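**Q** I am attaching a structure below and will ask some questions about it afterwards.
The values are calculated or read from the model by the stated rules, or taken from the named source; none is laboratory data. Note that the structure is predicted; figures quoted are calculated from it, not measured. Cβ: placed from backbone, ideal geometry, glycine included. Neighbour counts: every protein chain shown.
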Amino acid sequence: MFSSMIKRGVFKSKKAMDVELLFNIFEILIVFFAAVTLVEFVNTESDRTAFFKEYYARDAALTLNAIYAAPGDIEYQHASKAGKYIFNIKQNEVEVFLPNEVTEGGIVGYPFAEDKSYSLSYTKLEPTPNEDSRTIYKKKKDAISVSR
């Protein structure tokens, strides 16, 4: 009666089942460690200013593209938390950087399509005392200006 009963499964001994359990626990620990490391990396990268500089440069460049493409006169006030950044609007590019970043490594730029039939006043928008700021885009006839 007992000779007909055999153990089922991949491993037939108790010691082999313990080893398999240890491998499963080790795999779970590796996955947990990888997940914690990834979350920590994302949190530290999101606090860095490079992400925000890239975002604000793209935002300003795409807003200028939309103003060029829109018919008629426009006055658009854009509220953001970009008050501590310097915006340098120059030929076909918007650069964003902090006041203490005068070297090329800290400047983030993004191009926009400039239409030569309009005159864009190239300007440098200095930081505001508080973080909240309003950027004012104006288009009247064939002139476009940007100010804070």
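**Q** Any chance you could count how many residues in region 93-113 are more than 14 Å from Lys53 (Cβ to Cβ) and buried (at least 18 other Cβ atoms within 10 Å of the Cβ)?
**A** Count: 1.
**Q** Could I ask something else about it? When you go through Ile136, Ile144 one by one, which is the residue that is over 19 Å from Ala50 (Cα atoms), within 25 Å of the chain's Cα centre (by Cα) and not small (Gly, Ala, Ser)?
**A** Matching residue, one of Ile136, Ile144: Ile136.
**Q** Looking only at region 61-111, which residues are among the aromatic types (Phe, Trp, Tyr) and touching a helix residue (DSSP H, G or I) at 6+ places or on another chain (Cβ under 8 Å)?
**A** Tyr76, Tyr85, Phe87, Phe97, Tyr110
**Q** Answer yes if at least one residue in region 38-47 is among the β-branched types (Val, Ile, Thr), outside any helix (DSSP H, G or I) and at pLDDT 85 or above, and no otherwise.
**A** No: zero hits.
**Q** When region 48-64 is examined, which residues are found to be farther than 18 Å from Leu125 by Cβ and either assigned to a helix (DSSP H, G or I) or in contact with a Lys or Arg (Cβ under 7 Å, 6 or more places away or on another chain) (or both)?
**A** Ala50, Phe51
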